[in-house]
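The block underneath contains the structure these notes are about, expressed in structure tokens.
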Amino acid sequence: KQEVTQIPAALSVPEGENLVLNCSFTDSAIYNLQWFRQDPGKGLTSLLLIQSSQREQTSGRLNASLDKSSGRSTLYIAASQPGDSATYLCAVNDYKLSFGAGTTVTVRA
Amino acid sequence: GAGVSQTPSNKVTEKGKYVELRCDPISGHTALYWYRQSLGQGPEFLIYFQGTGAADDSGLPNDRFFAVRPEGSVSTLKIQRTERGDSAVYLCASSPTLGGISDTQYFGPGTRLTVL
């Protein structure tokens, strides 16, 4: 069974700092890995999708890397803003998504 | 609508009652998924459909849970004899195909189920 772990569970930074969120998974037989954002009481918003053959994916201030052989992914958020405050979830896709428990980020103004 | 929709947004019921949760996927998406999210946890897979058939229902916790998708579009998750432990947010997602390496799953806003 795929196990997905996210570290840290929570993170608080002042505005402008870069954020580094970590995700590890146990089974490397995946189609892709997705990073999602979840605001309190809301659904999931897809941020980035990295195919299993890719090493990284970028969108604006977001960059995600994938090392499938070691079962790791990292999400970098540059120059954080208070609007980045949310819970970030990574999920590995082997036809269904297996999620970590998330990292709750607070960006202080 | 453009996105995945779920109804109701909130459902409060009493222990032992029957509930139905509805999901309308994005038009044209053949794959549909149900997940359950408990407080402080990531979503957990329940079941997925390719077209009308349940391709994998291994995540359903027990036989009180059942889901259908009779016409390959709208899906209903049915829970019999609800228990307090069923309280969670039930999320639905759809994607263009099943297991595509570049397919994103698009999530609805969820139904928050509270069993008293």
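The values are calculated or read from the model by the stated rules, or taken from the named source; none is laboratory data. A quick note: this is a predicted structure, and the numbers were derived from the prediction, not measured. Virtual Cβ from ideal backbone geometry, glycine too; neighbours counted across all protein chains shown. For the accessible areas, the whole protein counts, side chains as well, though only heavy atoms, and no ligand, DNA or RNA atoms are used. Shrake-Rupley method; radii C 1.70, N 1.55, O 1.52, S 1.80 Å.
Computed quantities for the displayed model
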item: Tally of residues being part of a strand (DSSP E or B) and surrounded by fewer than 17 Cβ atoms within 10 Å (Cβ to Cβ) across the range A:14-50; result: 5
item: Candidate set: the range A:71-109, residues that are over 16 Å from the mean Cα position of the chain (by Cα) and surrounded by fewer than 16 Cβ atoms within 10 Å (Cβ to Cβ); chosen: the one farthest from B:PHE107 (Cα to Cα); result: A:ALA109
item: Test: residue in the range A:65-87 that is under 28 Å from B:ALA31 (Cβ atoms), among the aromatic types (Phe, Trp, Tyr), in contact with a strand residue (DSSP E or B) (Cβ under 7 Å, 6 or more places away or on another chain) and at pLDDT 95 or above; result: no
item: Conditions (1) modelled with pLDDT of 95 or more; (2) surrounded by 13 or more Cβ atoms within 10 Å (Cβ to Cβ); number of the one not met by B:ARG81; result: (2)
item: Odd one out for B:GLN37, checked against (1) buried (at least 16 other Cβ atoms within 10 Å of the Cβ); (2) out of contact with any Leu (no Cβ under 9 Å at 6 or more places or on another chain); (3) within 28 Å of A:ALA10 (Cα to Cα); result: (2)
item: Cβ pairs under 6 Å, 6+ apart, first in the range B:35-55 and at the interface with chain A (Cβ under 7 Å from one of its Cβ atoms) and within 9 Å of A:PHE99 (Cβ to Cβ), second among the aromatic types (Phe, Trp, Tyr) and open to solvent by less than 30 Å² (accessible area, probe 1.4 Å); result: B:GLY42/A:PHE99; B:PRO43/A:PHE99; B:PRO43/B:TYR35; B:PHE45/B:TYR35
